[in-house]
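Since the structure comes first, as structure tokens, the remarks are kept for the end.
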Amino acid sequence: MAASAVNLGDANLQTQIDEIEALSAIYGDEWCVIDEASRIFCIQISESKDKPKWTLCLQVLLPPEYPSAAPPMYQLNAPWLRGADRIELSNSLEDLYAQNLGESILYLWVERIREFLVEKSQFADSEGPEFKKTTEELTDDLEDDFSPGHQLLKLESEQSPAQFLTEDNGDEELPPIKHGDPITDRRSTFQPHLAPVVTAKQVKMVLNKLYENKKIASATHNIYAYRIYCEDKQTFLQDCEDDGETAAGGRLLHLLQILDVRNVMVVVSRWYGGILLGPDRFKHINNCARNILVDENYTESGDDSANAGGKNKKHRHKKAK
């Protein structure tokens, strides 16, 4: 039994090697080896070789069980890929895997993504110039003019990507939202946003308001975490969201717990610039989140911070002056 498992593992590895060699030959410079020992690879895919308007990076990790008994682990990165588009493309890749169990799947995935980008380009052409910016131009725009003091722009033709959010906000007041300094590394930009929150409904209101900004709505990921202290129950209401950046939300919530902040929500927007950052992306997410918490005085020590909402009360008092 053990020998059989070893043989199967060797067969999988050889199949992977053959597949990677073929993909490298087919796609040339588009194909990139991130970590050969860990079996991590990526490919830049565009709808056109001449003047590409739509580009997406597919990153894959090939587990030892692939292709005989497990699919590749994958991540789709593009500044414009959100909501329904991301779900549609992910579902189509998973359907392809289900239809080809036990077989090498990466070539089919790449070509399916290319078909998706062609369809996206054709749709954008039919919708007019508003939809025609390339992903690189979108990233350039973000790096050039997405500053902490930017004006919030209302989406005219899109619903908020956070589909679970409701329009009915009752009598709740929208908390003030602060925007921290961006961090840029290898063309990826990270921007933190912060708001004091004391109810789950305010969390939804803050997200809705942020997504009214076109640049925030177009971010590759909007990772968030919040902690609300419930004084009557002497416990915390807290949650987080990765938004496609696996484990990022949990790491962000862990930062809020370590800093013992309360009654606050932090959102970190990331616009992917086409170059994989590896673990550095988590460092940037947590660093810019910590920076805005420090700037807004949520990490101050003191007896009053032990009370429910103590730091936030001090924060709101400062803003009321």
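The values are calculated or read from the model by the stated rules, or taken from the named source; none is laboratory data. Since the model is a prediction, treat every value here as computed from it, not as a measurement. Note: ideal-geometry Cβ built from the backbone for every residue, glycine included; neighbour counts use all protein chains shown.
For the stretch 63-71, does any single residue satisfy the condition of being outside the structural domain of Gly244 (by TED's automatic domain parsing) and closer than 17 Å to Tyr272 by Cα? Within the stretch 63-71 (the criterion being outside the structural domain of Gly244 (by TED's automatic domain parsing) and closer than 17 Å to Tyr272 by Cα), the answer is no, since none of the residues qualifies. Checked against (1) within 17 Å of Asn77 (Cα to Cα); (2) surrounded by fewer than 22 Cβ atoms within 10 Å (Cβ to Cβ), Phe190 meets all criteria but (2).
Only strands (runs of 3 or more DSSP E) wholly contained in the stretch 14-90 count here; list those with 1 or more residues that are touching a helix residue (DSSP H, G or I) at 6+ places or on another chain (Cβ under 6 Å).
Of the strands (runs of 3 or more DSSP E) lying wholly inside the stretch 14-90, those with at least 1 residues that are touching a helix residue (DSSP H, G or I) at 6+ places or on another chain (Cβ under 6 Å) span 31-35, 40-46, 55-61.
Residue check: Ile113 meets all listed conditions (1) outside any helix (DSSP H, G or I); (2) surrounded by 21 or more Cβ atoms within 10 Å (Cβ to Cβ); (3) in contact (Cβ under 8 Å) with a residue 60 or more places away in the chain but one, namely (1). The set of residues in the stretch 52-74 that are modelled with pLDDT under 90 and either among the aromatic types (Phe, Trp, Tyr) or at positive phi (or both) comprises Trp54, Tyr74. Only a single criterion out of (1) closer than 20 Å to Arg114 by Cβ; (2) of a type in the set (S, T, N, Q); (3) without any contact (Cβ under 8 Å) to a residue 12 or more places away in the chain is not satisfied by Gln14, namely (1). When the strands (runs of 3 or more DSSP E) confined to the stretch 158-268 are screened for residues that are over 26 Å from Ile87 (Cα atoms) and either modelled with pLDDT of 90 or more or among the basic types (Lys, Arg) (or both), those reaching at least 3 such residues are found at 183-185, 188-196.
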